[in-house]
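Please read the structure below before turning to the comments.
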Amino acid sequence: MAVRSLTTVTLNRVKEIIDRLATGEAVSLEERIKLQKYAIHIPFIAVMLSKAIRNRSELK
């Protein structure tokens, strides 16, 4: 199994999208698709994404 890594720029972009998702701000469909692709292959992105979704549901 190959370990996948992200560049610093990509990681910062992913974190920014996840932060917007967690606070309930707008996230485009294209950004959501990219997040899902990263989450499938990179476990810590999946964890960050699930925490953001959980935090968002607590906001409501």
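Some values worked out for this structure:
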| quantity | calculated |
| --- | --- |
| Tabulated pairs, region 25-49, first assigned to a helix (DSSP H, G or I), second among the aromatic types (Phe, Trp, Tyr), C-beta under 7 angstrom, 6+ apart or interchain | 45/38 |
| Region 6-24, residues that are touching a residue at least 24 places away in the same chain (Cβ under 8 Å), farther than 22 Å from residue 58 by Cβ and polar (S, T, N, Q) | none |
| Checking residue 6 against (1) touching a helix residue (DSSP H, G or I) at 6+ places or on another chain (Cβ under 9 Å); (2) in a helix (DSSP H, G or I), the condition it does not meet | (2) |
| Boolean, residue 5 is loosely packed, with under 11 Cβ neighbours inside 10 Å, over 8 Å from the mean Cα position of the chain (by Cα) and at pLDDT below 90 | yes |
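The values are calculated or read from the model by the stated rules, or taken from the named source; none is laboratory data. What you see is a predicted model; the values in this text were computed from it and never measured. Cβ: placed from backbone, ideal geometry, glycine included. Neighbour counts: every protein chain shown.
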